[in-house]
Amino acid sequence: MQRLRGIKQLGTASLVFPGAVHTRFEHSIGTCAMAAKLLEALSAKGCSIDAASKRAILAAALVHDVGHIPYGHTIEDERRLFPRHDTPARLSQALTAGELGAELARQKLTEEVLAILNKQHPRPWCGELISGTICADLLDYLARDAFFCGLPGRYDARILRTLNIWDGHLYIAAEKNGIIRNDIVSEVLNVLRLRYFLTERVFFHHTKTATGAMISCAVERAASLGLTQETLFRLTDERLGALLEYEYGHDEIIAKVLSCLASRRVYKRAYVLTRQVGQEYKKQLVENYHDNIAARAEAESVLCQRCRLPAGDLIIYCPAANMQLKEANVLLKVNEDIPRPLSSLNVPEVAVMRENYRNLWRFYVFIHPRQLSKIHRISQVCEDFFGCENHLPALQSPQLYMGI
């Protein structure tokens, strides 16, 4: 747990938003505190929750991120170098080993905490309260991330008091005496707007994406030289940087990337594709350059040769295919007996937000800032290689690359 003090919640986002240095430890404490508030609200509604269950849920909320490695979302989800932090095997490994594993076992919490976090608990709402749609995890990081990034974004705490349990699942009561509570529906939409706002402004900011691609490139290179995921389990952000520098810094690509990160010389966008390429071609890009590490490395090598760039001066970034608004699946009870997903209520704003999420998909080719003079040539080579015209309008104004 203490290792999480050294893992930033938002990875490289502090290179864009200098205040975003909060850690997964703080978020873990906050998620536990938020879970306690949600349990209190459910109890006030008359939901029967015994003390042992509350204890297990709070323990699960506290340790839900303990399997994270440094820059975990970037390295595991975006670059796909290692399995995700929340797989059953990874959680089991994190929660059964060391002092934490011993303490959970001593308190006879291990099995129930794992069941909650793996969404295998006989009462599904226990897991949904921590990592569902409108949940303790989301409600903590929305407020925390917005605050530390210096961005506006607040939700009304009354949403906590609208949660209830039906057929073993959490739902939001958006009606009273058969009348729709428009203020509650509006507040749910406000949470969705805040989630989208942070996704657009922070999580997928192009500089955060570029710096994430850079650190992932260095880790991928180190992995080819012997770095294992097991080693990463013991590291913080700072210790990972030190390990890369002192154990693998002899490698020219790793040394180059670390030097750029240390001085904030961020790789720049040379080529961008959006979802306008069409669903079929987007699927091909994801299969070739997100799912297939070897194919991505081969493409980077070929492009460097054709553009006459040193190895490591060009990085391909391809996100997963789905940019989902999972919060739209939150169950709402409006003017009928059975709660239904918000997405099924034909609320126009939800459809608009879903489309906006899909539009966030970006395929990037980033280049070392010293190669900016060759950007038009690199763009042409990429267009020939990928068979699509560059979608980056800023190509018409190269001076824009000198900013954030």
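The values are calculated or read from the model by the stated rules, or taken from the named source; none is laboratory data. What you are looking at is a predicted structure, and each value in this text was computed from that prediction instead of being measured. Here Cβ is always computed from backbone atoms with ideal geometry, including for glycine, and neighbour counts include all displayed protein chains. For accessibility, only protein heavy atoms count, side chains too; no ligands or nucleic acids. Shrake-Rupley method; radii C 1.70, N 1.55, O 1.52, S 1.80 Å.
Quick check on the stretch 244-261: of everything there that is out of contact with any Leu (no Cβ under 8 Å at 6 or more places or on another chain) and without any contact (Cβ under 8 Å) to a residue 24 or more places away in the chain, which residue is farthest from Gln371 (Cα to Cα)? Filtering first and then ranking leaves Tyr246. Scanning the stretch 370-387 for residues that are farther than 20 Å from Cys260 by Cα and surrounded by fewer than 18 Cβ atoms within 10 Å (Cβ to Cβ) turns up His376, Arg377, Gln380, Glu383, Asp384, Phe385, Gly387.
Being among the small types (Gly, Ala, Ser), outside any loop (DSSP other than H, G, I, E, B) and surrounded by fewer than 18 Cβ atoms within 10 Å (Cβ to Cβ) is the filter here; which residues of the stretch 42-74 pass it?
Keep residues of the stretch 42-74 that are among the small types (Gly, Ala, Ser), which gives 43-44, 46, 48, 51-53, 56, 59-61, 67, 72.
Next, from what is left, pick out any that are outside any loop (DSSP other than H, G, I, E, B): 43-44, 51-53, 56, 59-61, 72.
Correct list: Ser43, Ala44, Ala51, Ala52, Ser53.
Condition check ((1) surrounded by fewer than 18 Cβ atoms within 10 Å (Cβ to Cβ); (2) aliphatic (A, V, I, L, M)) across all residues:
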site	(1), (2)
Lys176	yes, no
Ser186	yes, no
Gly212	no, no
Val257	no, yes
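Taking the stretch 341-364 on its own, how many of its residues are buried (at least 17 other Cβ atoms within 10 Å of the Cβ), among the hydrophobic types (A, V, I, L, M, F, W, C) and under 22 Å from Thr207 (Cβ atoms)? Within the stretch 341-364, residues that are buried (at least 17 other Cβ atoms within 10 Å of the Cβ), among the hydrophobic types (A, V, I, L, M, F, W, C) and under 22 Å from Thr207 (Cβ atoms) number 2.
Within the stretch 232-247, the set of residues being open to solvent by 10 Å² or more (accessible area, probe 1.4 Å) and at pLDDT below 95 comprises Phe233, Arg234.
Run down Ile338, Ile367 and say which single residue is within 29 Å of the chain's Cα centre (by Cα), of a type in the set (Val, Ile, Thr) and either at pLDDT 95 or above or open to solvent by 80 Å² or more (accessible area, probe 1.4 Å) (or both). Quick ask: steps written out before the conclusion?
On the way: Ile338 fails: within 29 Å of the chain's Cα centre (by Cα).
The conditions single out Ile367.
Counting only residues that are closer than 17 Å to Ile215 by Cβ, among the charged types (D, E, K, R) and open to solvent by 40 Å² or more (accessible area, probe 1.4 Å), the stretch 1-36 holds 1 of them. Taking into account only those residues within the stretch 38-91 that are basic (Lys, Arg) and more than 30 Å from Thr231 (Cβ to Cβ), which is modelled with the lowest pLDDT? Among them, the one singled out is Lys45. Annotation for the stretch 309-325: no member residue is in contact with a strand residue (DSSP E or B) (Cβ under 9 Å, 6 or more places away or on another chain) and open to solvent by 30 Å² or more (accessible area, probe 1.4 Å).
Within the stretch 94-124, the set of residues being without any contact (Cβ under 8 Å) to a residue 24 or more places away in the chain, open to solvent by 30 Å² or more (accessible area, probe 1.4 Å) and closer than 22 Å to Phe233 by Cα comprises Thr96, Ala97, Gly98, Glu99, Ala102, Glu103, Ala105, Glu111.
Residues that are of a type in the set (Phe, Trp, Tyr) and in contact with a Ser or Thr (Cβ under 9 Å, 6 or more places away or on another chain): which helices (runs of 4 or more DSSP H) entirely in the stretch 119-213 hold 1 or more of them? Walk me through how you get there before you give the answer.
Numbers: elements: 125-131, 136-148, 182-198.
Correct list: 136-148.
Report whether or not Ala89 is open to solvent by 40 Å² or more (accessible area, probe 1.4 Å) and of a type in the set (A, V, I, L, M, F, W, C). Yes; evaluated as a whole, the condition is true for this residue. Take the residues of the stretch 219-231 that are within 22 Å of the chain's Cα centre (by Cα) and of a type in the set (D, E, K, R): which is least open to solvent (accessible area, probe 1.4 Å)? Going through the qualifying residues, I end up with Glu220.
Of the residues screened, Arg79 is not one that is without any contact (Cβ under 8 Å) to a residue 40 or more places away in the chain, within 30 Å of Ile315 (Cα to Cα) and either open to solvent by less than 60 Å² (accessible area, probe 1.4 Å) or of a type in the set (A, V, I, L, M, F, W, C) (or both).
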